[in-house]
Amino acid sequence: MTVERTLSIIKPDATRRNLTGKINAKFEDAGLKIVAQRRIQLSKAQAEAFYAVHSHRPFFNDLVSFMISGPVVAQVLEGENAVLKNREIMGATDPKKADAGTIRAEFAESIEANSVHGSDAPEAAAQEISFFFAAIDIVA
Ligand code: GDP
């Protein structure tokens, strides 16, 4: 059994529609524990830094604008195989391709405004968690 932590972000399209609780219920119902959580308004520089790996992609500027269009909820999820499990709970990037019952199938508005971010690998998770949280902020 591998207990992992992963970084999740509830995106502005979801906070705007007051969906934080419904999305958190998906994580908790699947056995993931929310061990840290902060609601914040990202600055442009912070959003650009967080998504630096995507800076070459054609949608980068749109993505940054979207991510600063309202508050986000950054959170650390903990559980067995948390990185992969969260990706399954989230569903595919494009909500049209997301499996029924996933967060993106139920809540996403578009391929961009797709309600949640989740780390895609353990190494990325460690780096992304440290972007938002200090060790003292995470309480298991
Ligand atoms: P994820 O890991 O499933 O979030 O997907 P990616 O890492 O490929 O993309 C990061 C984020 O960029 C996605 O969650 C979307 O918010 C956004 N995004 C991805 N593909 C597109 C696209 O084709 N157009 C636009 N406008 N945004 C996109």
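The values are calculated or read from the model by the stated rules, or taken from the named source; none is laboratory data. Since the structure is predicted, the reported quantities are computational estimates derived from the model, not experimental observations. In this analysis, Cβ positions are derived from the backbone assuming ideal geometry, glycine residues included, and neighbour counts consider all displayed protein chains.
State whether the residues of region 52-62 include one that is more than 9 Å from the ligand (Cβ to nearest atom), surrounded by 12 or more Cβ atoms within 10 Å (Cβ to Cβ) and among the hydrophobic types (A, V, I, L, M, F, W, C). No, region 52-62 has no match at all.
Screening residue 47 on (1) without any contact (Cβ under 8 Å) to a residue 24 or more places away in the chain; (2) away from the ligand (no atom under 14 Å from the Cβ); (3) not acidic (Asp, Glu) shows it passes everything except condition (2). In region 15-121, counting only strands (runs of 3 or more DSSP E) that sit wholly within it, the ones holding 2 or more residues that are in contact with a Phe, Trp or Tyr (Cβ under 8 Å, 6 or more places away or on another chain) span 33-40, 72-80. Residue 50 - would you say it is touching a helix residue (DSSP H, G or I) at 6+ places or on another chain (Cβ under 8 Å), modelled with pLDDT of 95 or more and under 15 Å from residue 119 (Cα atoms)? Judged against the criteria, residue 50 is a match.
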